[in-house]
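Worksheet for the structure shown next.
A short reminder: the numbers here are calculations on the coordinates, not readings from a lab. The structure presented is a predicted model; accordingly, all values stated were derived computationally and were not measured. Please note: Cβ atoms are built from the backbone with ideal geometry, for glycine as well, and neighbour counts cover all protein chains shown.
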Amino acid sequence: MANQTFLEKLSVQLVQDYSNKLHAVTIILPNRRARIFLLEALKKQISGVIFAPVIISIEDFIQDVAGIRPIDTIELLFEFYNVYLGLTPKDKQQPFENFANWAKTLLQDFNEIDRYLLNADYVLKYLENIEEIEHWAVDADNRTPMIDNYLEFHRQFPVYYHTLYKHLQDKGIGYQGLIYREAVDNIEHYSASLQQRQLVFAGFNALNAAEEKIIQHLMMTGQAKIYWDIDYVFLQDPYHDAGLFVRKFKKEWRHYAQQPFEWITNDYSEPKNINIIGTPKTVGQAKIAGQITEKLIGEGYSLDKTAIVLAEENLLVPLLYSLPSGVGSLNITMGYSSRNNPAQILLQKLFKLHTNALNRESGYTFYYREVLDILTHPLVEPYAGAKKALDVIKSNNFTFFSDKKLFEIQETATPFFNLLFERWQADGAGVAERLQKILLEIKEFLGDDNEQDKISKAFLYSVFKVINKIISYSRQHPHINSLGVLHSVYKEAAELAEVSFEGEPLSGLQIMGVLESRVLDFENVIITSVNEGKFPAGKTQNSFIPYDVKLELGLPTYKEKDAIYSYHFYHLLLRAKNVYLLYNTESEGLDAGEPSRFITQLEIETQPKHNLQKVIYNAYLPDKAYEAMTIPKTESVQERLREIATVSGFSPSALTGYIRNPIQFYYQKVLRIREMDEVEESIALNTLGTIIHGALEELYKPYIGKYLALHDIENMNVLADDEVMRQFKLVYKEGEIKKGRNLLAFEVAKRNVHNLLKQEQKLIEEGDAVKLLSLETKYSRWLKDERLPYPVLISGNIDRIEERNGRIRIVDYKTGKVDKFNVTLKQWEGLTADIKFDKIIQLLTYVFMYEPEANGKEIEAGIISFKNMKSGFMGFTFKDMIDKSVPITEVISADVMQEYLSQLVQLINEILNPEQDFTEKLD
């Protein structure tokens, strides 16, 4: 008997009791899902052909007894809002968004009051009295309007309850509690109409007061039987939560004074292998669940008798990716929340874009991030044809722009693009219909053969049904008259929208939520997220009724909720042979949790025949976290290197880029991969540098070939601010520069330019003769050396070249901070091996390129750092660290150049050497 499942046992009993009268039996189960498993169990007991019994869920049964149609949560909110508007003076009426916040909680309380058949006037008056008592401390004469409104709000609860109840009753619709209360009132009539039909209730645990009353009535009239599924271990222990409800029924129901209590099993104490497995993070549990499934397949277990129970629904997708290929078929019987539904996420992004656009002071204005979020969404990007718009927004730094500007950018907009970005009006119904069109348009883009498209259609359909409902509501209820209301209604409806997956329920691996496991038994059970707050769910309570009042009135509290979870947990273990309990070991962070009390309970109350093992699985950590990447120099790579060396040339930045990281050089120069354009909301440092360079070039350009005079500097000072602004608009394009960080950056750029001009003026006043030779000019020169495989071109832009006091000076501007030691060299050996010498390499490469133009004049090269302007021009200096007798040199002599070129040749040989791979530098 131990190997027999509850439904198999029930099918044997049904055939035994009713044999050929099964068609006159109605079997009521806790959920609809168990029906197909019971039919399968009955088929195995019956050889011939008979009419099957009626098998329904408890909720369907109660609706039959009451004769009332259930109403969904959103429709109920609207009906309640109609009632609320009828009861509330116009000047005190709240908009729907505010009303919905407290109405949902109040409706839950109405539901509980009705399900437990309480006197609504007594309960709601009790709440009003509690609030009055709490405000006794406030003198009635000195009460604020806010306190008065709050107390008046609680006084209205009974009025809301009775008016809503009557309103729904007249329409023949109701929420769950109302249907239960009406079913109790109608049970006599229903009982009389049953005639010869027999009712069988099976597999129940927690019952509300209405269910108790209905079932007991039908049992006393001999029209119903009930079969429990409780183990002796849980029933005989007065403190075990798994038996909390059934112990109470066994003790209190009068029926059991004369009749036997059925069934008490002894399956829990049978041999079981229970493995408690801890692992860090949620996704780790998905991986382990996949490994356990693979192990079970390898050991020859049938997946038909294996279930993975997910206490957290967001584990579903990682689990599906973690399942082994040996899982031929699986059946997912759990709703997948719309929270992670791509179609739902798209609509939320559309609401955000258009609601924000509508509310901006500058008119209907889009924010670029919100536009890019939509254009790059996987359900939009392949079909919107908006690559040009993406490129223009990124390359022009559009931050905020009108809908009109967007359509100017996207010159040939597709109908789909129009649907997404055309201006929304404040009309809620019109927006809902537009969203419906968007979803239908996406559906047309998706195929029928592609597996990914099929999944996308399932997600799409669940959201499409929500939008259809909203359109229906908007026609019936004029309250959906604004974007705000529509958005709040959509969020409420989308929360309830679940994606249903198709599968074969009787074969393959079963993946389910905790509630879907009711009444079912499996040989192998894998349960995930066995952590406090997940399984059991914790003490969350959203109610106007305080805990102590619930306790007094007999309403369920978190204690009863925990007992329900306890029953589900132990029922999963009841007839299983192999149990795997997975929990998250992390104790910190958003994904943290502690092991569930159920795990502690199992450890303390271990049955003699249970083999309990506890292990911690940690992720495999390789000896090396990351290994440096190496790229061999194939023939095509060598060919590309030769092309760089002889056509475009090696620039100083390319050479220092190689020193910094050869792989970076490989990507940028060999593969020619450049970084993608991104919109710069705040001006990046390199962009700021480009602006300053550009402004200085334009200011100095008229004086190329001339000696600078003081009045020239004065003229440049006058023009500087306007030139910086012009460069900002030229470089930063449509970016916002009149406020925030960008305004600060603009001021910094102006200050840097003025500081340089001020320094220039001071030096000229002190007697410097400065003749400008070139600005931002490209120079190139062939490097010929017998040590190189072939002549190599060195090429690059030099910021500024001047003749100062008879000496050629090469100047490189830097927007970052540079100190004198950055351009001071103490030994030549190892110059090209360390990136800290990058400034020196740049300067000496500039000297090499310009040397033929110098006509034998002395050359110095250095840096002007805008963040270290007080140091002025910092020229390259060589201080021989070994031989102190060698004089310190600032002029770049032939000896200095010879030493440098020796180092440069060594570096270029390394780049061109076919035997030396490009090897990543990890530091």
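Of LEU118, LEU168, THR88, which is farthest towards the positive pole of the stretch 83-173's charge dipole, taken about the Cα centre with +1 and -1 on the beta-carbons of Lys, Arg and Asp, Glu respectively? Checked the options; the winner is LEU168. Do you know the relative contact order of the stretch 83-173, to the nearest whole percent, from alpha carbon pairs under 8 angstrom that are 6+ apart? The normalised contact order for the stretch 83-173 reaches 40 percent. Neighbours of LYS633 by Cβ distance under 14 Å: Lys/Arg scored +1, Asp/Glu scored -1, total -3.
Dipole magnitude for the stretch 83-173: about 460 debye, using +1 per Lys or Arg Cβ and -1 per Asp or Glu Cβ, origin at the Cα centre.
For the chain, relative contact order (Cα pairs under 8 Å, six or more residues apart, normalised by length) works out to 12 percent. Taking amide H as placed 1.01 Å from N in the peptide plane, GLU858 has its amide H under 5 Å from the amide H of ILE808, each at least 5 places away in sequence or on another chain. Using θ = phi - 60° in the Karplus curve 6.51 cos²θ - 1.76 cosθ + 1.60, the 3J(HN,Hα) couplings for the stretch 169-179 round to 4, 5, 8, x, 10, x, 7, 4, x, 4, 4 Hz; x is entered for Gly and Pro. Along the axis of the charge dipole computed for the chain (Cβ charges of +1 for Lys and Arg, -1 for Asp and Glu, origin at the Cα centre), the listed residues ILE179, ASN273, LEU573 are led at the positive end by ILE179.
Can you check what the net charge comes to around LEU379, using other residues whose Cβ is under 11 Å from the Cβ of LEU379 (Lys, Arg +1; Asp, Glu -1)? Counting the neighbours of LEU379, the net charge comes to 0. When the convex hull of its Cα atoms is viewed from all sides, the chain shows a mean projected area of 55.3 nm². With contacts defined as alpha carbon pairs under 8 Å and 6 or more residues apart, what's the relative contact order of the stretch 241-324 in percent? It comes to 33 percent, rounded to a whole number. Divide the volume of the convex hull around the Cα atoms of the stretch 348-441 by the residue count and you get 89 Å³ per residue. With a cut-off of 14 Å between beta carbons, the residues surrounding ASP231 carry a summed charge of -2, where Lys and Arg count +1 and Asp and Glu -1. Could you give log10 I(q)/I(0) at q = 0.09, 0.17 Å⁻¹ for the stretch 339-499, computed by the Debye formula over C-alpha point scatterers of equal weight, without solvent? After summing over all Cα pairs, the log10 values are -0.29, -1.04. In order along the stretch 641-655, the Karplus-derived 3J(HN,Hα) couplings, from 6.51 cos²θ - 1.76 cosθ + 1.60 at θ = phi - 60°, round to 4, 5, 4, 4, 5, 10, 10, 7, x, 8, 8, x, 5, 5, 5 Hz, and Gly and Pro are given as x.
For the chain, DSSP calls about 35 percent of its internal beta bridges antiparallel.
Once the Cα-Cα distance is subtracted from the 0.36 nm per residue extended length, the ASP917 to ASN855 segment shows a gain of 18.3 nm. Charging the Cβ of each Asp and Glu at -1 and of each Lys and Arg at +1, and nothing else, the dipole of the chain about its Cα centre rounds to 600 debye. If a/c stays under 1.5 just call it rounded; otherwise compare a/b with b/c (prolate if a/b is bigger, oblate if not). Do that for the stretch 272-430, with a ≥ b ≥ c from the square roots of the Cα gyration tensor eigenvalues. Verdict is prolate for the stretch 272-430.
Shape call for the stretch 1-137 from the C-alpha gyration tensor, a ≥ b ≥ c root eigenvalues: rounded (a/c under 1.5), prolate (a/b greater than b/c) or oblate? Prolate shape, in that a/c is at least 1.5 and a/b is the bigger ratio.
Within the same chain, aspartates and glutamates fewer than 8 places from LYS750 are excluded, and of the rest, those with a Cα less than 19 Å from its Cα are GLU697, GLU698, ASP712, GLU714, ASP721, ASP722, GLU723, GLU736, GLU760, ASP799, ASP812.
Relative to the longest principal axis of the chain, what angle (0 to 90°, nearest 10) does the C-alpha long axis of helix 685-700 take? Taking Cα atoms only, the helix is inclined about 30 degrees. From its DSSP helices (H runs of at least four residues, each -39,500 (n - 2.57)), the chain gives a residue-normalised ellipticity at 222 nm of -15000 deg cm²/dmol. With a ≥ b ≥ c taken as the square roots of the eigenvalues of the C-alpha gyration tensor of the stretch 83-173, please select rounded if a/c is under 1.5 and otherwise prolate if a/b is larger than b/c or oblate if it is not? It is oblate, given that a/c is not under 1.5 and a/b is not larger than b/c.
Evaluating 6.51 cos²θ - 1.76 cosθ + 1.60 at θ = phi - 60° for every residue in the stretch 787-793, the Karplus couplings come out as 7, 8, x, 6, x, 10, 8 Hz, glycine and proline recorded as x.
Between helix 6-18 and the chain there is an angle of about 30 degrees, using the helix long axis and the longest principal axis of the Cα atoms. Pick out, from LEU671, ILE526, ILE58, the residue whose Cα sits farthest towards the positive end of the charge dipole of the chain, with +1 on the Cβ of Lys and Arg and -1 on the Cβ of Asp and Glu. Going by the Cα projections, it comes out as ILE58. With R₀ fixed at 35 Å, the C-beta to C-beta distance from VAL12 to GLU498 puts the FRET efficiency at about 0.50. For SER57, the residues whose modelled amide H falls within less than 5 Å of its own, excluding neighbours fewer than 5 places apart on the same chain, are LEU29. Go through LYS839/LYS870; LYS669/LYS820; LYS469/LYS561; LYS469/LYS539 and tell me which ones have a Cα-Cα distance over 25 Å in this structure. Pairs exceeding 25 Å: LYS669/LYS820; LYS469/LYS561; LYS469/LYS539. Amide H to amide H, with H built 1.01 Å from N, LEU773 comes under 5 Å of GLY705, ILE801, GLU802, GLU803, counting only residues 5 or more places away or on other chains.
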